[in-house]
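A.B. asks: Here's a structure for you.
The values are calculated or read from the model by the stated rules, or taken from the named source; none is laboratory data. These numbers were taken from a predicted model, which means no experiment stands behind them. All Cβ positions, even for glycine, are placed from backbone atoms using ideal geometry, and neighbour counts span all protein chains on display.
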Amino acid sequence: MKIKKGDQVIILSGKDRAKKGRVLQVFTKEARVIIEGANLRKKHVKPKKSGEKGEIVSVPQALNISNVKLICPKCGQAARVGYRVVEKKKFRICKKCQQEI
């Protein structure tokens, strides 16, 4: 998987198209990611203690990994991700500026 937790990404499709955010969680088997502040859904939460009120909370939902693109921290553009092997170590690289991510 070319996108990891903590990466800055841009959303390519859906209601949150063109929004930028940080990856909070990656689900590799389902090929989905959760992005901070994007694809929010309302969740009704019951009160935990007596006297407390229930509330409606916005919770981010998972997006398919094909709907997001990594933003290169060096050049600041949305770019594809490649790999380079140097001395038996594998690094992710930006396909536009060829810099290590």
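A.B. asks: Scan (1) modelled with pLDDT under 95; (2) surrounded by 11 or more Cβ atoms within 10 Å (Cβ to Cβ); (3) of a type in the set (Lys, Arg) for the single condition residue 92 breaks and write down its number.
C.D. replies: (1)
A.B. asks: Can I ask one more? Look at residue 40 and say whether it is surrounded by 11 or more Cβ atoms within 10 Å (Cβ to Cβ), more than 23 Å from residue 83 (Cβ to Cβ) and in contact with a Ser or Thr (Cβ under 6 Å, 6 or more places away or on another chain).
C.D. replies: Working: surrounded by 11 or more Cβ atoms within 10 Å (Cβ to Cβ): yes; more than 23 Å from residue 83 (Cβ to Cβ): yes; in contact with a Ser or Thr (Cβ under 6 Å, 6 or more places away or on another chain): yes.
When the stated conditions are applied, residue 40 passes them.
A.B. asks: Could I ask something else about it? Return yes when residue 69 is surrounded by 12 or more Cβ atoms within 10 Å (Cβ to Cβ) and either part of a loop (DSSP other than H, G, I, E, B) or of a type in the set (S, T, N, Q) (or both) and no when it is not.
C.D. replies: Values: surrounded by 12 or more Cβ atoms within 10 Å (Cβ to Cβ): yes; either part of a loop (DSSP other than H, G, I, E, B) or of a type in the set (S, T, N, Q) (or both): no.
So residue 69 fails the test.
A.B. asks: Can you confirm whether residue 74 is part of a loop (DSSP other than H, G, I, E, B) and either touching a Pro at 6+ places or on another chain (Cβ under 8 Å) or of a type in the set (D, E, K, R) (or both)?
C.D. replies: On the way: part of a loop (DSSP other than H, G, I, E, B): yes; either touching a Pro at 6+ places or on another chain (Cβ under 8 Å) or of a type in the set (D, E, K, R) (or both): yes.
For residue 74, the condition - part of a loop (DSSP other than H, G, I, E, B) and either touching a Pro at 6+ places or on another chain (Cβ under 8 Å) or of a type in the set (D, E, K, R) (or both) - is met.
A.B. asks: I need a count of the residues in the stretch 31-48 that are touching a residue at least 12 places away in the same chain (Cβ under 8 Å) and over 19 Å from the mean Cα position of the chain (by Cα). Write out each step before concluding.
C.D. replies: From the stretch 31-48, those touching a residue at least 12 places away in the same chain (Cβ under 8 Å) are 31-45; that's our starting set.
From what is left, the residues that are over 19 Å from the mean Cα position of the chain (by Cα) are 42-45.
So the count comes out to 4.
A.B. asks: While we're looking at this one, here's another question. For the stretch 43-66, give me each residue that is surrounded by 11 or more Cβ atoms within 10 Å (Cβ to Cβ) and not β-branched (Val, Ile, Thr).
C.D. replies: Once the filter is applied, which keeps residues that are surrounded by 11 or more Cβ atoms within 10 Å (Cβ to Cβ) and not β-branched (Val, Ile, Thr), the stretch 43-66 yields 43, 60, 61, 62, 63, 64.
A.B. asks: So how many residues does the stretch 34-66 have that are over 24 Å from residue 18 (Cα atoms) and either of a type in the set (Asp, Glu) or in a loop (DSSP other than H, G, I, E, B) (or both)?
C.D. replies: 10
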